[in-house]
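The values are calculated or read from the model by the stated rules, or taken from the named source; none is laboratory data. Remember, it's a predicted structure, so these values are computed and weren't measured experimentally. Backbone-built Cβ (ideal geometry, glycine too); neighbour counts: all protein chains shown. Areas reflect the complete protein model, heavy atoms only, side chains present, ligands, DNA and RNA absent. Shrake-Rupley method; radii C 1.70, N 1.55, O 1.52, S 1.80 Å.
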Amino acid sequence: MTDTPIPSDADERRAVAPVICYPTDTLPQPDLALYQAASGTAQTVATATAAPRDAAAIHVPAGHFLRIVSVDGPQVGDLNLFNANDLSERFYSGKTRALHGTHVTTGDRLWSSFPTLRPMATISHDSLGWYGIDAFGGSVHDVIGTRCDPYTGRLLSGDDYHHCCHSNLTRALADETGLTLVQAEAHVHDVLNVFMCTGFTRDTGQYFMKQSPVRPGDYIEVFAEIDLLAVLSACPGGDCGSEHSSDTAPCHPLLMEVRSPAQGSLDGWQSPQINAYDRSHGR
């Protein structure tokens, strides 16, 4: 709806071709073949389970793999990633989206926040990679949604709900690090929506969700480029086919597996250095 006259050249303006903001041709590319070969030798060395409507944390050493697995039924998860040695370096969903698109899959990288801006992890396997983009414009593993939270819930419903993903992540991070809830909440950030099928409506441009195609046994696996602390919430929306931020939807656990590759299988790999920008900002 508009309250201004439509200009005579409206169609011409709309017809201007788009330009990719951040062409990725010059980005350092991961050695995906090396990672996938190493993954084939890997053994599980640690696990953690995010219970339904709750979250869990696990440490993933650099050079290891984190595999997130659907176990009992269709379930989406909200993932936070931190530098395990410095919580101020954390997953930057906005820059990941700008570089790789609204949804990520095998070969895409998960980038860290300023000022380090480097690959924290690389997606090595995605059992839902076949999904692509559906007729509604939906796809899987989005970096557009923020996370369900009690503040938006309060605005929309007038009620307090304590098991949305923001609160789940806050509790799990506090439990893992010894921070208070107030301290932990300041570190919780926009997420990778694991297994979630989302997009934008064509008519109103609104963020939508639809029933996830995930099934038990499906997984997404990332290679830890640096020492990671991963915190995962099993979303109260279940498969997000109806609603979230309530106890209505059927929910299931999500399994996190840390997998260690065989010695020598990553020969030549090095953890990426922090971003080389000199931080002078023109001064």
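Aliphatic (A, V, I, L, M), more than 16 Å from the chain's Cα centre (by Cα) and either part of a strand (DSSP E or B) or surrounded by 16 or more Cβ atoms within 10 Å (Cβ to Cβ) (or both): does that describe Ala184? So Ala184 passes the test. The helices (runs of 4 or more DSSP H) located wholly in the range 1-108 that include 1 or more residues which are farther than 30 Å from Gln263 by Cα occupy 10-14, 93-100. When you scan the range 4-24, do you find a residue that is under 21 Å from Ser271 (Cα atoms) and not aliphatic (A, V, I, L, M), even just one? Yes, that holds for at least one residue.
Taking the criterion of being of a type in the set (Val, Ile, Thr) and touching a helix residue (DSSP H, G or I) at 6+ places or on another chain (Cβ under 8 Å), would at least one residue in the range 192-210 satisfy it? Looking for residues that are of a type in the set (Val, Ile, Thr) and touching a helix residue (DSSP H, G or I) at 6+ places or on another chain (Cβ under 8 Å), one finds none in the range 192-210, hence no. Screening Val76, Val60, Val45 for residues that are within 20 Å of the chain's Cα centre (by Cα) and farther than 29 Å from Asp247 by Cα leaves exactly one candidate, Val60.
Within the range 190-201, being surrounded by 19 or more Cβ atoms within 10 Å (Cβ to Cβ) and either part of a loop (DSSP other than H, G, I, E, B) or of a type in the set (A, V, I, L, M) (or both) holds for Asp190, Val191, Leu192, Val194, Met196. Of all residues in the range 167-181 being part of a helix (DSSP H, G or I) and without any contact (Cβ under 8 Å) to a residue 40 or more places away in the chain, which is surrounded by the fewest Cβ atoms within 10 Å (Cβ to Cβ)? Residue satisfying both the conditions and the ranking: Leu181.
Selection within the range 136-162: residues that are part of a loop (DSSP other than H, G, I, E, B) and over 19 Å from the mean Cα position of the chain (by Cα). The member of this set that is surrounded by the most Cβ atoms within 10 Å (Cβ to Cβ) is Tyr161. Applying a threshold of 8 Å to beta carbon distances and a minimum spacing of six or more residues, or different chains, the list of pairs starting in the range 240-267 at a residue that is basic (Lys, Arg) and ending at one that is open to solvent by 50 Å² or more (accessible area, probe 1.4 Å) and modelled with pLDDT of 95 or more reads Arg259/Gln43; Arg259/Thr44; Arg259/Val45.
Applying the criterion of being touching a residue at least 60 places away in the same chain (Cβ under 8 Å) and polar (S, T, N, Q) to the residues of the range 1-49, the residue that is most open to solvent (accessible area, probe 1.4 Å) is Gln43. Residue-level analysis places Leu34 outside the set of residues that are hydrophobic (A, V, I, L, M, F, W, C) and at pLDDT below 95.
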